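The next block holds one structure in the form of structure tokens; read it before the comments.
The values are calculated or read from the model by the stated rules, or taken from the named source; none is laboratory data. None of the values given here were measured: they were computed from a predicted structure. Heads up, the Cβs are rebuilt from the backbone with ideal geometry, glycines too, and the neighbour counts pull from every protein chain shown.
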């Protein structure tokens, strides 16, 4: 369970739109990522994938070092992830904003805190549809917060998208599902901040 000391050590969220990955829509002024892929079928697949997502196992099996203040994702839990190899690993500290444990939907969202190389939030959700198919969805909004993430420019969203695809492959292995092409929406486009007084002209996508 997340302790008050761990929460204080985690720092404050470094962006104002806390919780947007749960309630939507994703805020303007950030790069958006929306990735969805089928990872299996049936209750056993859903349970296995949901547990892997909310106990950090999915991240660890995908090559990410994870230190968390609790064994399960729950609001307030401080999580430190490190991606890379050896001395090139970059630590990034987050705090869980929300968590959901429903019969047909499981997942959580966490947000960047002080010192994170990015501003923003990311969510990981497993859901089972009426036809029994099990899907994994990642949603995120982010923008650079350090000189090296600003200098990397378009490489950052490419790396993010590649990593989410790896997460999907990890879950397919866990559920025993054969590889299936994913339905994904790259994080290569940045939604600019909307000028005051101008209405948004968002297009609906199927």
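Miscellaneous remarks
- Residue satisfying condition, being under 20 Å from residue 165 (Cβ atoms), modelled with pLDDT of 90 or more and in a loop (DSSP other than H, G, I, E, B), within set 33, 26: 26
- Where residue 115 falls short, out of the listed (1) in contact with a helix residue (DSSP H, G or I) (Cβ under 8 Å, 6 or more places away or on another chain); (2) at positive phi: (1)
- Counting only residues that are assigned to a helix (DSSP H, G or I) and surrounded by 22 or more Cβ atoms within 10 Å (Cβ to Cβ), the stretch 36-52 holds 5 of them.
- Top-ranked residue of the stretch 131-146 - restricted to ones that are more than 15 Å from the chain's Cα centre (by Cα) and assigned to a strand (DSSP E or B), ranked as farthest from residue 119 (Cα to Cα): 133
- Any chance residue 123 is at negative phi, at pLDDT below 95, buried (at least 19 other Cβ atoms within 10 Å of the Cβ) and part of a strand (DSSP E or B): no
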